[in-house]
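Remarks on the structure that follows.
Read-outs throughout are calculated quantities, based only on the coordinates presented, and are distinct from any laboratory measurement. Fair warning: this is a prediction, and the values are worked out from it, not measured in the lab. As a convention, Cβ positions derive from the backbone with ideal geometry for all residues, glycine included, and neighbour counts pool all protein chains shown.
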Amino acid sequence: MARSFNQVILMGNLTRDPELRATPTGQNVCSFSLALNRSYKGSDGNWQEVTDYVDCVAWGPLGERVSQYLQKGRPCLVNGRLQSRSWEQEGVKRSKVEVIASDVTFLGSPQGGQASEGDSSYEPKAQVEESAPAKKPAKKAAPVIEDIGDEPINLDDIPF
């Protein structure tokens, strides 16, 4: 029998704040939902906008980070696998397909929306006291461009 392949990559916005819970064994699990927008051309020739909603689950430290840094409306990229589960609730059989996240990349800026150049920081929802002040990375010096005047460039002077 051939092996199967189950991989999902989704990019969308959180529809609600992530919900962090702990299993009876103490394992953390975070549930969140993504809104995925797509466009298609309808039979009448006009563009249609549709939003799909997908439930996602992140376990352990990944779930803790998702719960700490993401909130409703924030964009993210989720890499994971599809998993179906079924259960009985009040005598009715129910089933669900969800994404089990193996990696979540935070997108956009902490204030929401798209990230600007050089803005890759995320602030946690609740500030955690640090034992030592965080060091800011040194900014790179801007490259120096020399003014060579109006002289033409001699191609024999170029080393490559």
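What the table below lists for this structure:
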quantity	calculated
Per-residue Cβ neighbour rank within 10 angstrom, fewest leading, 59, 87	87, 59
Net charge contributed by nearby residues that have their C-beta within less than 14 Å of residue 85 (K/R +1, D/E -1)	+1
Sorted by Cβ density within 10 Å, fewest first, the residues 41, 72	41, 72
Rg(Cα)/(2.2 N^0.38 Å) for region 1-111, N = residue count	1.24
Region 49-92: radius of gyration and largest Cα-Cα distance (Dmax), Å	14.1, 38
Neighbour-count ranking [beta-carbon atoms within 10 angstrom, fewest first] of 32, 5, 106	5, 106, 32
